[in-house]
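For reference, the structure is listed below as structure tokens.
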């Protein structure tokens with residue numbers, strides 16, 4: 001099993017450009033999450049999907065949209081990137097619908113917005 | 001969620017046990033203690049969790065005091081690959097939303 005995979009690993013954008021971060025899990029988990037981590041800080045939740053077909057805002061949702069494409073895939077879109085969105089983005093999944101126990105994290109996407 | 005307090009950094013000699021403390025004096029009866037770690041530039045990794053009994057798995061042991069106000073994560077034979085930031089999180093089992101990662105403890109395992 002690959003666990004949680006994320007693409008791309010690195011990305012550089014100019015202000016105003018758009019992009020989609022992809023995340024997939026092969027553990028048949030119900031819940032998926034998107035976090036961002038800024039230097040020297042803990043993780044902050046952007047959006048989460050408790051189960052296929054549902055999405056909810058987290059702590060810092062402004063400037064992002066998400067799509068739970070199917071049970072395996074959960075994408076994060078930046079419509080108009082801003083320098084404040086420079087960060088490392090982590091996708092995670094967990095088995096129980098809506099629960100946060102034992103989250104499994106992907107390797108991260110390092111995004112720089114110039 | 002109850003607040004947790006951890007030392008900012010610790011050193012441990014390779015092959016020795018690493019004991020990482022966490023204070024959670026305001027923990028409530030239905031809150032579990034979770035431990036995650038984050039190796040440099042990687043995503044956080046779940047280690048172990050428990051309610052009031054001591055727990056052990058293939059990665060570590062978790063010792064929770066009888067009053068549940070503190071706990072200790074034990075890595076029995078630390079290796080260089082255990083160098084990471086370790087996070088202690090207190091949370092109601094089954095609750096929705098995000099895990100609150102504080103600053104954690106930076107464990108440096110030295111040869």
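The values are calculated or read from the model by the stated rules, or taken from the named source; none is laboratory data. What you see is a predicted model, and the numbers here were worked out from it, not measured in a lab. We place every Cβ from the backbone using ideal geometry, glycine too, and count neighbours over all the protein chains shown.
Report yes if residue B:63 is touching a strand residue (DSSP E or B) at 6+ places or on another chain (Cβ under 7 Å), within 12 Å of chain A (Cβ to nearest Cβ) and either over 19 Å from residue B:100 (Cα atoms) or part of a strand (DSSP E or B) (or both), otherwise no. Here the answer is no, as residue B:63 does not meet what is asked. Here B:39, B:27 are screened, and the one residue that is touching a residue at least 12 places away in the same chain (Cβ under 8 Å) and either away from chain A (no Cβ under 12 Å) or exposed (fewer than 13 other Cβ atoms within 10 Å of the Cβ) (or both) is B:27. Answer with yes or no whether residue A:105 is within 11 Å of another protein chain (Cβ to nearest Cβ) and either within 21 Å of residue B:93 (Cα to Cα) or under 13 Å from the mean Cα position of the chain (by Cα) (or both). In short, yes.
Could you grab me the full set of residues in region A:41-76 that are under 14 Å from residue B:43 (Cα atoms) and more than 10 Å from the chain's Cα centre (by Cα)? Once the filter is applied, which keeps residues that are under 14 Å from residue B:43 (Cα atoms) and more than 10 Å from the chain's Cα centre (by Cα), region A:41-76 yields A:41, A:42, A:43, A:44. In region A:37-66, the qualifying residues are those that are under 17 Å from residue A:112 (Cβ atoms) and within 11 Å of another protein chain (Cβ to nearest Cβ), and the one that is surrounded by the fewest Cβ atoms within 10 Å (Cβ to Cβ) is A:40.
Output the residues belonging to region B:1-21 that are part of a loop (DSSP other than H, G, I, E, B) and farther than 12 Å from residue B:75 by Cβ. Listed by number, the residues that qualify are B:1, B:2, B:3, B:4, B:6, B:7, B:8.
Filtered by the rule that a residue be modelled with pLDDT of 80 or more and either over 11 Å from residue B:35 (Cα atoms) or within 8 Å of another protein chain (Cβ to nearest Cβ) (or both), region B:85-100 gives B:87, B:91. Against the numbered list (1) part of a strand (DSSP E or B); (2) at pLDDT 95 or above; (3) more than 10 Å from the chain's Cα centre (by Cα), residue A:89 comes up short only at (3).
The single condition from (1) touching a helix residue (DSSP H, G or I) at 6+ places or on another chain (Cβ under 8 Å); (2) assigned to a loop (DSSP other than H, G, I, E, B) that residue B:52 fails is (1).
In this structure, is residue B:108 out of contact with any helix residue (DSSP H, G or I) (no Cβ under 7 Å at 6 or more places or on another chain) and modelled with pLDDT of 95 or more?
Values: out of contact with any helix residue (DSSP H, G or I) (no Cβ under 7 Å at 6 or more places or on another chain): yes; modelled with pLDDT of 95 or more: yes.
Spelling it out, residue B:108 is indeed out of contact with any helix residue (DSSP H, G or I) (no Cβ under 7 Å at 6 or more places or on another chain) and modelled with pLDDT of 95 or more.
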